[in-house]
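Here the structure comes first, spelled out in structure tokens, and everything after it is commentary.
FYI, it's all coordinate maths here, none of it is from the lab. Predicted model, so just to flag it, every value in this text is computed and none were measured. Counting neighbours? That spans all protein chains shown, and the Cβs are built from the backbone with ideal geometry, glycine included.
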Amino acid sequence: MAQALSQWDVALFFWINHGWSCPFLDSFFSFITNFRNFYIPLAFLFAYWLWKGGSSGRWLVLSLGLSILLADQTSSHLLKDLVERARPCNALDGVLTPAGKSSAYSFPSSHAANMGASMFLLSVYFRSWTWAFILIALLVGSSRIYLGLHYPSDVLGGFLLGIIFGFLVWRGAEKLKQAFGFPRQDTQKRVKNKKI
């Protein structure tokens, strides 16, 4: 069973890495996979939520920061060192690497973990935009496979890890709101829609 899953993982990897290959996607996925390209707009967005979002916006920024920190550090500095799985670009022959290689371990994908955590929380706060957040997460996750840096199972594992941390942080925030008398998320829709 484990061998069959591994074969499917590799087959799906090559279907994306080779089968989708084209100059446009080389550029597109190389751009969206680099978080540094989004630092400035994200900084403005976080500042807006802190300034104009009221308590709902501040709780969102706090929750995003904590959940991403937990997901990123757990995936990058704990699980990768425990699993020690080589990246496909270093383990397989013929892998296309439009954005270059990495010597770090592969499982789980930290990009996917960060996206899982952040997109989960954004979906909780902006439920009508859930489809867009799922699409963004899928695009970033696909970019890691397309660029030869992760297997599909690395991305899936990262998504699950991030969603777990996002959920735990959200639940913890709701408990703190209840303990200190802040309005909980299910009662903040009117405030959120008005201020964010």
(request) Take the stretch 131-148 and flag every residue that is over 14 Å from the mean Cα position of the chain (by Cα) and of a type in the set (Ser, Thr, Tyr). (result) Tyr146
(request) State all residues of the stretch 71-113 that are farther than 22 Å from Leu139 by Cβ and among the small types (Gly, Ala, Ser); if no residue qualifies, say none. (result) Ala86, Ala91, Gly94, Ser103
(request) Could you look through the stretch 168-185, keep only residues that are in contact with a Ser or Thr (Cβ under 9 Å, 6 or more places away or on another chain) and outside any loop (DSSP other than H, G, I, E, B), and pick out the one that is farthest from Gly53 (Cα to Cα)? (result) Leu168
(message) Cβ-Cβ distance below 8 Å, separation of 6 or more or different chains: which pairs start in the stretch 139-157 with a residue that is touching a residue at least 60 places away in the same chain (Cβ under 8 Å) and in a helix (DSSP H, G or I) and end on one that is surrounded by fewer than 23 Cβ atoms within 10 Å (Cβ to Cβ) and of a type in the set (Ser, Thr, Tyr)?
(response) Val140/Thr33; Ser143/Ser30; Ser143/Thr33; Arg144/Thr33; Tyr146/Ser21
(request) Tell me which residues, restricted to the stretch 2-53, are within 18 Å of Val140 (Cα to Cα), in contact with a Leu (Cβ under 9 Å, 6 or more places away or on another chain) and part of a helix (DSSP H, G or I). (result) Phe13, Phe14, Asn17, Asp26, Phe28, Phe29, Ser30, Ile32, Phe35
(request) For the stretch 28-47, enumerate the residues that are touching a Pro at 6+ places or on another chain (Cβ under 8 Å) and farther than 18 Å from Asn114 by Cβ. (result) none
(message) If I ask for residues that are polar (S, T, N, Q), more than 17 Å from Ser6 (Cβ to Cβ) and either exposed (fewer than 15 other Cβ atoms within 10 Å of the Cβ) or in contact with an Asp or Glu (Cβ under 6 Å, 6 or more places away or on another chain) (or both), which ones from the stretch 84-107 would you list?
(response) Ser103
(request) Give the number of residues within the stretch 72-93 that are part of a loop (DSSP other than H, G, I, E, B), under 23 Å from Ser21 (Cβ atoms) and without any contact (Cβ under 8 Å) to a residue 40 or more places away in the chain. (result) 2
